[in-house]
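Since the structure comes first, as structure tokens, the remarks are kept for the end.
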Amino acid sequence: MSLPHQATTTGSPGTRSESRLDWIDILKAIGIVLVVIGHCKGFPGVPNKWIFTFHIPLFFLVSGFLLSGDLNKGGFTVFARRRLLPLLRAYLVFGLIGIVFFTLFARFSFSTRIPWPEAVTERFIALLHGSGTIEGPLRIRPIVLWFFPALILGLATCFMLFRLPSPRARSLAFAGTGALAWQCRDLALPWEIESALAAVPILGCGCFLARHAGVLSWLQGIPIWGIAALLVIGSWVAMGADSTPDFRSSSVASPLHTIPAAAILLTGFIALAMRLRAWRWVRALSAATLVIFPLHTMVFMLIDGITKRLPMVPPGFIDSHAVYAIGKTAATLVMLTLIAPRISRWLRPKANFIAVPGTTLSR
């Protein structure tokens with residue numbers, strides 16, 4: 001899930017027009033599919049270690065690219081109203097939905113079931129805290145929507161750093177933010193501050209990419225064999241990394257493997273996306289990332305709950321059967337993509353907030 005993008009560019013990579021960037025749609029679609037696959041047990045053929053190396057950095061990179069268009073459209077207040085407040089609203093709405101779903105319907109509390117008043121209290125505190133830990137004095141249960149507060153704080157920080165007066169000051173500030181992220185890598189700070197700090201350099205790379213048409217042209221000119229080599233080499237490096245679903249652990253705690261792997265893989269996927277065309281389902285999937293990201297685990301649990309009640313389903317089928325995992329993933333993506341336009345229109349006010357052209361399949 002990244003910032004949904006407004007009218008952007010076609011034609012030459014560095015120009016702007018009234019069309020969407022196909023390659024951005026393709027990258028977002030690839031990213032959200034990998035997120036859903038990575039959270040589905042029993043999925044065959046695609047190691048989670050490979051997915052978790054780069055799928056979250058992909059969304060931060062895209063968000064940084066889209067952030068570049070807002071840097072010269074007024075001060076921080078305008079930026080917060082256009083970009084940050086809609087994300088905050090989505091975080092709170094989906095967080096409250098998650099509290100109701102996981103506690104009252106699924107009675108989900110990791111591996112144990114606790115009384116629902118205690119579960120509601122813990123999850124509500126976690127929602128306000130914006131982070132969580134199952135160890136230490138806080139005993140706040142982690143929330144699955146950690147990406148929202150990390151993205152909100154990361155975007156706000158990146159916006160302010162790009163307002164520094166000189167390129168040298170900006171470079172030093174981004175380097176200092178990366179060093180601070182390293183120091184905070186083992187903490188569970190409120191509102192995912194540690195993840196936001198780790199995201200700022202990646203957001204900055206996205207802004208750099210948007211501001212340098214020459215780099216985009218170079219990426220667009222990479223031949224097919226070069227793209228294949230990047231993806232193969234990046235995958236080889238990724239499989240040797242200690243990567244986990246936790247963005248902090250994968251991209252900060254073990255940077256010597258995961259950061260090079262993510263850089264190589266993202267370069268290959270960007271070059272590949274620039275050679276492809278975004279069909280209407282790809283655009284719809286891209287626009288639905290804001291809905292798919294927070295809701296797909298709930299849909300998984302609903303499908304699993306219904307399947308378990310079927311008399312012909314043997315024990316262990318849900319967690320180990322490849323065909324079931326593929327079908328559940330496809331059904332979840334299709335279902336949430338179809339309902340996403342209605343939810344998106346309900347979440348976002350009409351004036352001066354995030355506009356998402358192409359959220360319907362008729363686009």
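The values are calculated or read from the model by the stated rules, or taken from the named source; none is laboratory data. All of these numbers come straight from a predicted model, not from anything done at the bench. For neighbour counting, all protein chains shown are included, and Cβ atoms are generated from backbone atoms with ideal geometry for every residue, glycine included.
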- prompt: List the pairs whose first member sits in the stretch 220-241 and is part of a helix (DSSP H, G or I), whose second member is of a type in the set (S, T, N, Q), and whose Cβ atoms are under 7 Å apart, counting only residues at least 6 apart or on separate chains?
  reply: 230/267; 238/53
task: Output yes when any residue across the stretch 156-171 is free of Cβ contacts under 8 Å to residues at least 40 places away in the same chain and under 24 Å from the mean Cα position of the chain (by Cα), and no when none is.
output: no
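Across the stretch 194-213, what is the total count of residues that are in a helix (DSSP H, G or I), more than 15 Å from the chain's Cα centre (by Cα) and more than 14 Å from residue 58 (Cβ to Cβ)? Can you show your working first?
Quick first cut of the stretch 194-213, residues in a helix (DSSP H, G or I) only: 194-211, 213.
Now drop any that are not more than 15 Å from the chain's Cα centre (by Cα), which leaves 194, 197, 201, 204-205, 207-211, 213.
Those still in the list that are more than 14 Å from residue 58 (Cβ to Cβ) too: 194, 197, 201, 204, 207-208, 210-211, 213.
Selection size over the stretch 194-213: 9.
Are any residues in the stretch 302-333 among the basic types (Lys, Arg) and in contact (Cβ under 8 Å) with a residue 24 or more places away in the chain, and if so, which ones?
Residues of the stretch 302-333 among the basic types (Lys, Arg): 308-309, 328.
Listed by number, the list holds a single entry, 328.
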task: Mind listing whichever residues of the stretch 155-199 are more than 23 Å from residue 75 (Cα to Cα) and among the polar types (S, T, N, Q)?
output: 183, 195
message: With the requirement that a residue be surrounded by fewer than 20 Cβ atoms within 10 Å (Cβ to Cβ), among the hydroxyl-bearing types (Ser, Thr, Tyr) and in contact with a Pro (Cβ under 8 Å, 6 or more places away or on another chain), what does the stretch 149-202 give you?
response: none
message: Residues that are among the polar types (S, T, N, Q) and either at negative phi or modelled with pLDDT under 80 (or both): list the helices (runs of 4 or more DSSP H) wholly contained in the stretch 1-99 that include at least 2 such residues.
response: 48-67
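Considering the stretch 109-132 alone, what residues qualify as being surrounded by fewer than 17 Cβ atoms within 10 Å (Cβ to Cβ), closer than 26 Å to residue 195 by Cα and modelled with pLDDT under 70?
Of the stretch 109-132, the ones surrounded by fewer than 17 Cβ atoms within 10 Å (Cβ to Cβ) are 110-118, 120-121, 124-125, 128.
Narrowing further to those that are closer than 26 Å to residue 195 by Cα: 110-111, 120-121, 124-125, 128.
Within the stretch 109-132, 110, 111 meet the criteria.
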Set 325, 278, 271, 261: member being surrounded by 18 or more Cβ atoms within 10 Å (Cβ to Cβ) and not in a helix (DSSP H, G or I): 278
